[in-house]
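The values are calculated or read from the model by the stated rules, or taken from the named source; none is laboratory data. Since we're looking at a predicted model, the values are computed, not measured. In this analysis, Cβ positions are derived from the backbone assuming ideal geometry, glycine residues included, and neighbour counts consider all displayed protein chains. Note: areas computed on protein heavy atoms with side chains; ligands, DNA, RNA excluded. Shrake-Rupley method; radii C 1.70, N 1.55, O 1.52, S 1.80 Å.
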Amino acid sequence: MTKLLIVESPSKAKTLEKYLGKDFKVLASYGHIRDLIPKTGAVDVDHQFAMKYDIIDRNAKHVDSITKAVRASDAVYLATDPDREGEAISWHILEILKSKQLTSDKLIKRVVFNEITKTAVQHAIEHPRDISMSLVNAQQARRALDYLVGFNLSPLLWKKIRRGLSAGRVQSPALRLIVERELEIEAFKSQEYWSIHLHSHKHQHSFAAKLIQLDGKKVEQFTVTNQAQEQEVVGKLILQSAGKTTVQRVEKKQRSRNPAPPFTTSTLQQEAVRKLGFTTSRTMRIAQQLYEGINIGSGAVGLITYMRTDSFSLANEAVAQIRDYIKKNYDADYLPNSPIFYKTKSKSAQEAHEAIRPTDINVAPASIRQYLSDEQYKLYEMIWKRALACQMTPAKFDAVTVDLSVGQDEANLFRATGQTMIFPGFIAVYSEGVDDSEEEEDKKLPILHTAEVLEVEKIFGEQHFTEPPPRYSEASLVKALEEYGIGRPSTYASIISTLQDREYVSIDKKRFIPTDVGRVVNRFLTDHFNRYVDYDFTANLENQLDDIAEGEQEWVPVLQNFWDDLSKNIESKKDVERPGTEVLDEQCPKCGRPLSKQLSRYGSFIGCTGYNETPKCDYKRSLNGAENTASEPTVIGEDPASKLPILLMNGPYGPYLQLGQAEADSKKKPKRVSIPKEINPSTVNLEIAQQLLALPRDLGAHPTTGKKIVANIGRFGPYVNHDGKFKSIPKTDSVFDITPERAVEILAQANAGPTPLRELGEHPTAGGNVAIYSGRFGPYVQHGEIRATLPKSQGPEDISMEQAVELIAEKAAKGPSKKVSARKSSASKSSAGKVAASKTTAKKTAAKKPAAKKASVKKSSS
């Protein structure tokens, strides 16, 4: 009996092949094989939200391979990922097979496993089930909601703000979080306050205490708010103390700290950001590799359980294995008397998943270090330690609180606290990271007794100022999204990527800052579509999707209620004014009409509201006060050397600087230099203008060739040039002050070839190295002489080896570019041939029918 197992990833397929017998063939769908047609009407709102799907163009060949294999099989097992997206992929495969009349005489079942181990896979095969339409409908409803928002709100943003913008059911509330935090920071007014401290000692042991009660009243944060008050209070306390302080109360108690539960998707992302410095997308990519299987000497093995989960629960067998490991490797005090079970907080914990854990706790990180990349090792070690620690005993501390009085009674009290770890417990293995706060430190106090009198070393005040709330980091944003119920942990990485790709936010010191565009989009949506960026509304919609997945609610009524409200809202907002214009209480110096703050492709500026009126007024200036109009240049200042004015001009290809006015009867053109994209024209002052006009810079002769080295800015950014060879200047260097020695280093790198952004390893079929490089048109993957540009939706960190091989094969199949010389080395022909050969069958099959005209789409996520 011939059996076919269909999974999503080719990496997973390789791992599974060794667990299944010769009767099984394993194929990959390469993610989603169908998606909504990319045009209006894909979701038919007039006919029960019927959804029109089309095969994704780049996966058409995989559909053909699957179809061919199904024809030759007696049983088909759909083993896509164990979540709603995976369930939907299995359903799409089944629908395609039904359309080809391939299901009537075959056993077709759904199998699910949470980890890729022999035991789990065999158990899944032995216990197949039918496709869950509740899960499929939940995924379809989510996809339809995202489509309805995107295809209806985004065009409105194009019309009212500028082209290329988008609104999203989940991304827009996330943007609102970031913008509102920034507005909080901008509106924050710092307040001064003082804390009062006492230093004392017993024997050689010094300690500090803080004033908690003054004249019989509790000391609050703003009890002392300026230096004059501080001096008055400190002077009074010093006088009353007469150099002595009395111990009024000593309280001792033991406290304990429990271990954190095992990882969910959200907590894994947060901890990887905090502890490892990973991004959320990078974390998920590496986790996917660990889940799908790593060759650890004995073949590919899935090292962790499924990484998209909201659940804290662990399988009983896993708990027993972890406890056994602790028993064998740690003292008896580290093992609790009974297993620890963690209750999942989230109602949305999907479909009986486990938390993220090692598939085998006995596979210690150190034992497989040689088989893992650095990032794989770091993430696996963190998951392994967290899972181990979650079944260990609490850490124990001795805590002491001491109150000391100053003066004759207890009207003025200082408090000293201390704690000492007396048993590390789980902390011996793992301690959870924190955001924006300091970890508690052990502070020891000397042994003190009630009524004991001690010497006062000093009493003094410390000045403080209140601080605004911190900007969101990736970790704290993920935490906030989860707390508000916005999206689901499996979608957080894509939400963050979308906000950055749309240039709604920028990152400074690993913190999110909204851009001018992000602010305008958020204001437009909150002003006119507030319901759809409301946190409670978004969370409630997620809960309804969870109810659909549980079979507790029908999906069509949910969509109908949503669409009825959205369509009416959009219709009523078609004639609203263009956002991004904030009218100011200031008159235009040219025409007297009001000025307003407006948005352009280069950021915000101040312009005349009469631009679209008659007579037209084109007055505008940057936020820093530099004036500019479309018809009149802005004078930046005078060039000290030539005594000519430096002018800021607007040309058809963007803003540029010009040295002096062009004379009509002169053949000599004034010097001009374009302003690079990374420099906002509104920030150009005399110093920056002089530096730009000084380009190109002559850096002198090359030490080996004697030929000139030049630094300049071109259409692709700053570069150095020597003997006809160009090399981009890294962002860490400046074209304005780069030294000749540094230029020589950069040129040497050019001779040695480009440095890859990521090494992916050896090509699985053709051999040879596969790596990702940075190019003038964006990142690309290279194998031999074949280069394939990465899709705009994916960054260098997101591409797997399988996706890279796919891109290379597609590029090889297209043949060489017309611009490339026909003369190729035999090595490059051989490399391209090997890759292209592996795709010949798919090409021939695909040629029998027209390819589906649908762009490649990654697995959907909100």
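Against the test of being within 29 Å of residue 724 (Cβ to Cβ) and either buried (at least 17 other Cβ atoms within 10 Å of the Cβ) or at pLDDT 75 or above (or both), the options 782, 794 yield a single qualifying residue, 782. For segment 62-117, filtered to residues that are out of contact with any strand residue (DSSP E or B) (no Cβ under 8 Å at 6 or more places or on another chain) and of a type in the set (Lys, Arg), the residue that is surrounded by the most Cβ atoms within 10 Å (Cβ to Cβ) is 84. Determine whether segment 368-386 contains at least one residue that is assigned to a helix (DSSP H, G or I) and exposed (fewer than 13 other Cβ atoms within 10 Å of the Cβ). Yes, segment 368-386 contains a residue that is assigned to a helix (DSSP H, G or I) and exposed (fewer than 13 other Cβ atoms within 10 Å of the Cβ). Among the residues of segment 477-515, what is the count of those that are touching a residue at least 12 places away in the same chain (Cβ under 8 Å), over 14 Å from the mean Cα position of the chain (by Cα) and assigned to a helix (DSSP H, G or I)? The number of residues fulfilling the criteria is 2.
On the stretch given as segment 86-133, residues that are charged (D, E, K, R) and either on the phi > 0 side of the Ramachandran plot or assigned to a helix (DSSP H, G or I) (or both) total 5.
Taken over segment 119-150, the criterion of being of a type in the set (S, T, N, Q) and under 27 Å from residue 167 (Cα atoms) is satisfied by 137, 139, 140. Somewhere in segment 13-21, is a residue open to solvent by 40 Å² or more (accessible area, probe 1.4 Å) and part of a loop (DSSP other than H, G, I, E, B)? Yes: segment 13-21 contains one or more residues that are open to solvent by 40 Å² or more (accessible area, probe 1.4 Å) and part of a loop (DSSP other than H, G, I, E, B).
Taking the stated definitions as given, is residue 155 touching a Ser or Thr at 6+ places or on another chain (Cβ under 9 Å) and either of a type outside the set (D, E, K, R) or at pLDDT 95 or above (or both)?
Details: touching a Ser or Thr at 6+ places or on another chain (Cβ under 9 Å): no; either of a type outside the set (D, E, K, R) or at pLDDT 95 or above (or both): yes.
Spelling it out, it is not the case that residue 155 is touching a Ser or Thr at 6+ places or on another chain (Cβ under 9 Å) and either of a type outside the set (D, E, K, R) or at pLDDT 95 or above (or both).
Within segment 680-734, the set of residues being of a type in the set (Val, Ile, Thr), surrounded by 15 or more Cβ atoms within 10 Å (Cβ to Cβ) and either free of Cβ contacts under 8 Å to residues at least 24 places away in the same chain or assigned to a strand (DSSP E or B) (or both) comprises 688, 709, 710, 713, 720, 729.
Restricting attention to segment 563-592, the residues being among the hydrophobic types (A, V, I, L, M, F, W, C) and over 22 Å from residue 516 (Cα atoms) number 5.
Yes/no per residue for (1) without any contact (Cβ under 8 Å) to a residue 60 or more places away in the chain; (2) closer than 28 Å to residue 71 by Cα:
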{"position": "116", "(1), (2)": "no, yes"}
{"position": "123", "(1), (2)": "yes, yes"}
{"position": "141", "(1), (2)": "no, no"}
{"position": "152", "(1), (2)": "no, no"}
{"position": "158", "(1), (2)": "yes, no"}
{"position": "162", "(1), (2)": "no, no"}
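For residue 14, the conditions (1) touching a Phe, Trp or Tyr at 6+ places or on another chain (Cβ under 9 Å); (2) modelled with pLDDT under 90 all hold with the exception of (1). When restricted to residues that are open to solvent by less than 20 Å² (accessible area, probe 1.4 Å) and more than 14 Å from residue 148 (Cα to Cα), segment 22-59 contains 9. Close Cβ contacts (under 8 Å, 6 or more residues apart or on different chains) running from residues in segment 165-191 that are more than 17 Å from residue 531 (Cα to Cα) to residues that are open to solvent by 10 Å² or more (accessible area, probe 1.4 Å) and among the aromatic types (Phe, Trp, Tyr) comprise 165/158; 178/472; 181/472; 190/465; 191/222; 191/465. Looking across segment 294-306, the residues that are in contact (Cβ under 8 Å) with a residue 12 or more places away in the chain and surrounded by fewer than 23 Cβ atoms within 10 Å (Cβ to Cβ) come down to 294, 295, 296, 297, 299, 300, 301.
Among all residues of segment 43-56, there is at least one that is modelled with pLDDT of 90 or more, basic (Lys, Arg) and in a loop (DSSP other than H, G, I, E, B).
Does segment 207-225 hold any residues that are surrounded by fewer than 12 Cβ atoms within 10 Å (Cβ to Cβ) and more than 42 Å from the chain's Cα centre (by Cα), and which are they? Break it down into steps so the answer makes sense when it comes.
Going residue by residue through segment 207-225, those that are surrounded by fewer than 12 Cβ atoms within 10 Å (Cβ to Cβ) are 215-218, 220, 222.
Matches in segment 207-225: 215, 216, 217, 218.
For segment 535-577, a residue qualifies if it is open to solvent by 50 Å² or more (accessible area, probe 1.4 Å), assigned to a helix (DSSP H, G or I) and within 20 Å of residue 152 (Cα to Cα), and the qualifying residues are 557, 560, 561, 564, 565, 568, 571, 572. Checking each residue in segment 147-188 for being open to solvent by less than 20 Å² (accessible area, probe 1.4 Å), polar (S, T, N, Q) and over 17 Å from residue 39 (Cα atoms) picks out only 172. Taking the conditions exactly as written (among the small types (Gly, Ala, Ser) and modelled with pLDDT under 90), does residue 480 satisfy them or not? When the stated conditions are applied, residue 480 does not pass them. Being at pLDDT below 95, among the basic types (Lys, Arg) and touching a helix residue (DSSP H, G or I) at 6+ places or on another chain (Cβ under 6 Å) is true of residue 169. Just one of the numbered conditions (1) open to solvent by 50 Å² or more (accessible area, probe 1.4 Å); (2) under 21 Å from the mean Cα position of the chain (by Cα) is not true of residue 362: (2).
Restricting segment 402-435 to residues that are assigned to a loop (DSSP other than H, G, I, E, B), more than 16 Å from residue 258 (Cα to Cα) and among the acidic types (Asp, Glu), which is least open to solvent (accessible area, probe 1.4 Å)? Going through the qualifying residues, I end up with 435. Restricted to strands (runs of 3 or more DSSP E) entirely inside segment 161-263, those with at least 3 residues that are touching a His at 6+ places or on another chain (Cβ under 9 Å) are 192-202, 205-214.
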